[in-house]
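Asker: Sharing a structure here in structure tokens format.
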Number of protein chains: 2
Amino acid sequence: MRILLVGAGGVGDAIAKIAARRNFYELIVVSDYDPARAERTVAWVAARHGDEVASRFAAASIDASDAASVEAVAREHGATHVMNAVEPKFVQTIFAGALAAGADYLDMAMSLSEPDPEMPYEKTGLKLGDEQFDAAEDWEAAGRLALVGMGVEPGLSDVFARYAADHLFSEIDELGTRDGANLVVRDDDGNEIFAPSFSIWTTIEECLNPPVIWEKDRGWYTTPPFSEPEVFDFPDGIGPVECVNVEHEEVLLMPRWVDAKRVTFKYGLGNEFIGILKTLHQLHLDEVKPIRVRSAAGPVEVAPRDVVAAALPDPATLGPRMTGKTCAGLWVTGTGKDGSPREVYLYHVSDNEWTMAEYEAQCVVWQTALNPVIALELLATGVWQGAGVRGPESFDAAPFLELMAKAESDGGYGQAWGLEDRLA
Amino acid sequence: MRILLVGAGGVGDAIAKIAARRNFYELIVVSDYDPARAERTVAWVAARHGDEVASRFAAASIDASDAASVEAVAREHGATHVMNAVEPKFVQTIFAGALAAGADYLDMAMSLSEPDPEMPYEKTGLKLGDEQFDAAEDWEAAGRLALVGMGVEPGLSDVFARYAADHLFSEIDELGTRDGANLVVRDDDGNEIFAPSFSIWTTIEECLNPPVIWEKDRGWYTTPPFSEPEVFDFPDGIGPVECVNVEHEEVLLMPRWVDAKRVTFKYGLGNEFIGILKTLHQLHLDEVKPIRVRSAAGPVEVAPRDVVAAALPDPATLGPRMTGKTCAGLWVTGTGKDGSPREVYLYHVSDNEWTMAEYEAQCVVWQTALNPVIALELLATGVWQGAGVRGPESFDAAPFLELMAKAESDGGYGQAWGLEDRLA
């Protein structure tokens, strides 16, 4: 397996760091629009793991917005797999570049949605991933695999869905991804500051788009942003967090392969963050269409959302100033294998102190990065195989969760996941 | 009098429109960085008032950030007065350009402040107008007048202060400028939208800088933003509005010429706007220092605050979609001329429907523009005269308020102002 990793931002960097402890691949080419970022990641691997491990890494320059650039870099390095680790706005060009290069493809977020122009908060328009699924036949015909949505959420949450269907439930009422954290970022004086632990660009996209819900007898439909607030109790000391509906890939992926009556995604944003997102929207600062702004060099065209992202600290740099844990998981209700009602929460918790000490990566990006590395290993070893455009829940979940939980000394990733039975 | 008007934005445009009904000047050169804006203003005057009036107007291009450009345009047109109608960040260059051109100068906002680096919310640093008052000797030596802070607030509020001291009070406890409105802006579907009726750039500057307060036995000092909230009851149907301390020129001007124990400025921002300003600050979007942002044309450097301003509707364009009134005034407490306690609110209300119908200008910018035109007329007729750097309260208030209130048919501006005695 020769992997072209596109993007050496927070998640891309953590993918390289996690993969550096594994042996399932021949080469990882870390590429970025800014070659210095890619080189920094490779230098970290060399410093931490020595020259032998680093000899399986290379740095390259790439333009993720240009399919031809992706194809060229993939071909140049003989990439068998293209791992997309940049923002979802580049999904389509990387996806096309990988296919053109004859490589398999993985991402952690799917092609973007567009709201219905008439009834955005009732009907779906172009859905998340639609543009990728529209190309499914091309991938099948080429015998190549596009494994889409293979981060933590989507990704691990989808693996949990398949696991619940195969091993825990005879009938599923709801597959509800629930994400929450108790992370706090402090400035040099120890004061709490506002600094999102994940790309604000993506967070705005997710949170201000109309949330999508799937119901078996209704199909996909949308609601206004921040709908159906609920307080969800997260495990491992995180506790109750206010969650709201958010547009997310799981709702588009799970119903394609797992039988359930309802599929939802709720994000534990908390009240402060919800207020901030509403204000950004009110002030049109969430817009991605460039506007004309004066500058010392004359008028320039910038997207307000890019300015919001640039004004905040880079999430990848927050690790040292952050404390707390983040939890990704799937809440499942329905009928257990024994025919009685069942309610479980399947989850994985990532503790920032641990990820910083072990990987110098903050916990949210590290947790996102962990899962595609496990998936790549399952593909490299042939445990997972297939062609076409597929979600994580289309593969057997058991070997994934086994490899994830097994101790590192035993060849696994040493990452325990939890199962909480909620009907006592 | 030959006036160089610098800036054809909302307030500059309204100054030209108000002046077009008067005869005290020989020429008004409307200038702007964007000459099309200046030409649009002159074209409006021609269309509304005919060629004879328009023959006393000219349009020109100017770079307000460059004192040499201001001087050159002023000299070219033989300007006797330079009227600054752009954002306060250009005060220093226009102020210097006017003096270099041998012209008198007026503005509606003073040179910017800089917080104390150590104790920003307790001590003043560089104060509003300090850079202008530092040049007072140069203006006196040249025999030229710089009339600073001559809009509505500062401006009319300062005129009220002088009037209160001369005609209403024997001793003043507090001169408290209080500004409030009940303006609502709607979109094409009739829904209320967030759209500040005054430059967001200036509003951020005013509201997020440490508010300054003056006390006779303490001098100038500062507090944290949004301090001392109070609900002030505004006249003419506006009613109660939550007001907070805001950094404003009156507090720097009034104590120099009017005897009082305390001078404050409170702005009726309302809770929603306060929340928005706090969020902008939290996200560093109030910053004026350029940051590096990606764009289709490669990385660019823009100031986040300029982006916030560019993303919002231009306040000058809001008139047709706005309803309501804005009130500017001065609340004065102390001892009346008869020796008994007195509390008055001196005010002027501007109704958007009226200003739109009469001037095609929204009420907040129109109200700001009215006062420098009256001041220019008093200077043109010699009723006000002087040299040096001076505030409105250094001149006799009575002729100003008289000219303002007198009917248009009688040679006045037909703008009634109110006096409310608040101790029944």
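Asker: Would you call residue A:50 small (Gly, Ala, Ser) and in contact (Cβ under 8 Å) with a residue 12 or more places away in the chain?
Answerer: Against the criterion (small (Gly, Ala, Ser) and in contact (Cβ under 8 Å) with a residue 12 or more places away in the chain), residue A:50 does not qualify.
Asker: In addition: Being over 11 Å from the mean Cα position of the chain (by Cα) and touching a residue at least 12 places away in the same chain (Cβ under 8 Å) is the filter here, so list the residues in the stretch B:353-371 that pass it.
Answerer: Within the stretch B:353-371, B:353, B:355, B:356, B:359, B:360, B:361, B:362, B:363 meet the criteria.
Asker: Of these, B:340, B:409, B:350, which one is in contact with a helix residue (DSSP H, G or I) (Cβ under 9 Å, 6 or more places away or on another chain) and away from chain A (no Cβ under 14 Å)?
Answerer: B:350
Asker: Here is a list of conditions, (1) part of a helix (DSSP H, G or I); (2) touching a residue at least 60 places away in the same chain (Cβ under 8 Å); (3) under 28 Å from residue B:184 (Cα atoms), and residue B:375 meets all of them except one; can you say which number that is?
Answerer: (3)
Asker: All but one of (1) surrounded by fewer than 24 Cβ atoms within 10 Å (Cβ to Cβ); (2) farther than 30 Å from residue B:254 by Cβ hold for residue B:96; which doesn't?
Answerer: Only one criterion is unmet by residue B:96, namely (2).
Asker: Please state which one of A:389, A:332, A:344 is assigned to a strand (DSSP E or B) and in the same structural domain as residue A:138 (by TED's automatic domain parsing).
Answerer: From the options A:389, A:332, A:344, the qualifying one is A:389.
Asker: Would you pick out the residues in the stretch B:192-204 that are in a loop (DSSP other than H, G, I, E, B) and more than 12 Å from chain A (Cβ to nearest Cβ)?
Answerer: B:197, B:198, B:199
Asker: Considering each of B:158, B:134, B:166 in turn, give the residue that is touching a helix residue (DSSP H, G or I) at 6+ places or on another chain (Cβ under 8 Å), surrounded by fewer than 16 Cβ atoms within 10 Å (Cβ to Cβ) and not polar (S, T, N, Q).
Answerer: So the residue among B:158, B:134, B:166 that is touching a helix residue (DSSP H, G or I) at 6+ places or on another chain (Cβ under 8 Å), surrounded by fewer than 16 Cβ atoms within 10 Å (Cβ to Cβ) and not polar (S, T, N, Q) is B:166.
Asker: Can you find, within the stretch A:241-261, the residue that is modelled with the highest pLDDT among those that are within 21 Å of residue A:180 (Cβ to Cβ) and of a type in the set (Val, Ile, Thr)?
Answerer: By that ranking, first place goes to A:251.
Asker: Could you tell me which of the residues B:364, B:373, B:389 is among the aliphatic types (A, V, I, L, M), crowded, with 23+ Cβ neighbours inside 10 Å and modelled with pLDDT under 95?
Answerer: B:364
Asker: Next question. Identify the single condition in (1) within 17 Å of residue A:82 (Cβ to Cβ); (2) assigned to a helix (DSSP H, G or I) that residue A:401 does not satisfy, given that it satisfies every other one.
Answerer: The one condition residue A:401 does not meet is (1).
Asker: Moving on. Which pairs do you get when a residue that is over 15 Å from residue A:285 (Cβ atoms), found in the stretch B:263-282, comes within reach of a residue that is assigned to a helix (DSSP H, G or I) and among the acidic types (Asp, Glu), reach meaning Cβ atoms under 7 angstrom, with the pair 6+ apart or on two chains?
Answerer: So the pair list comes out as B:263/B:250; B:265/B:250.
Asker: So, in the stretch B:176-213, how many residues would count as being of a type in the set (A, V, I, L, M), touching a strand residue (DSSP E or B) at 6+ places or on another chain (Cβ under 6 Å) and closer than 26 Å to residue B:351 by Cβ?
Answerer: Number of matching residues: 6.
Asker: Which of the residues that make up the stretch B:182-223 are touching a residue at least 24 places away in the same chain (Cβ under 8 Å) and polar (S, T, N, Q)?
Answerer: Within the stretch B:182-223, B:182, B:197, B:199, B:202, B:203, B:209, B:222, B:223 qualify.
Asker: Separate question: Can you tell me which of (1) surrounded by fewer than 23 Cβ atoms within 10 Å (Cβ to Cβ); (2) over 15 Å from residue A:197 (Cα atoms); (3) within 14 Å of another protein chain (Cβ to nearest Cβ) is the one residue A:345 doesn't meet?
Answerer: (3)
Asker: From the residues in the stretch A:199-224 that are among the β-branched types (Val, Ile, Thr) and within 22 Å of residue A:262 (Cα to Cα), which one is surrounded by the fewest Cβ atoms within 10 Å (Cβ to Cβ)?
Answerer: That would be A:223.
Asker: Across the stretch B:300-316, which residue is farthest from the chain's Cα centre (by Cα) among those that are more than 7 Å from chain A (Cβ to nearest Cβ) and in a loop (DSSP other than H, G, I, E, B)?
Answerer: B:303
Asker: Since residue B:173 meets every condition but one in (1) in a strand (DSSP E or B); (2) at pLDDT 95 or above; (3) surrounded by 17 or more Cβ atoms within 10 Å (Cβ to Cβ); (4) out of contact with any Gly (no Cβ under 6 Å at 6 or more places or on another chain), which condition does it not meet?
Answerer: The single condition residue B:173 does not satisfy is (4).
Asker: Kindly list, by first and then second residue, each pair from a residue in the stretch A:380-395 that is among the β-branched types (Val, Ile, Thr) to a residue that is assigned to a loop (DSSP other than H, G, I, E, B) and modelled with pLDDT of 95 or more, limited to pairs with Cβ atoms under 9 Å and residues at least 6 apart or on different chains.
Answerer: A:381/A:24; A:383/A:395; A:383/A:396; A:389/A:129; A:389/A:134; A:389/A:135; A:389/A:148
Asker: Scan the stretch A:339-351 and give yes if some residue there is within 19 Å of residue A:44 (Cβ to Cβ) and in contact with a Leu (Cβ under 7 Å, 6 or more places away or on another chain), otherwise no.
Answerer: no
The values are calculated or read from the model by the stated rules, or taken from the named source; none is laboratory data. Model, not experiment: these values are computed from the prediction. So basically every Cβ, Gly included, is an ideal-geometry build from the backbone, and we count neighbours across all protein chains shown.
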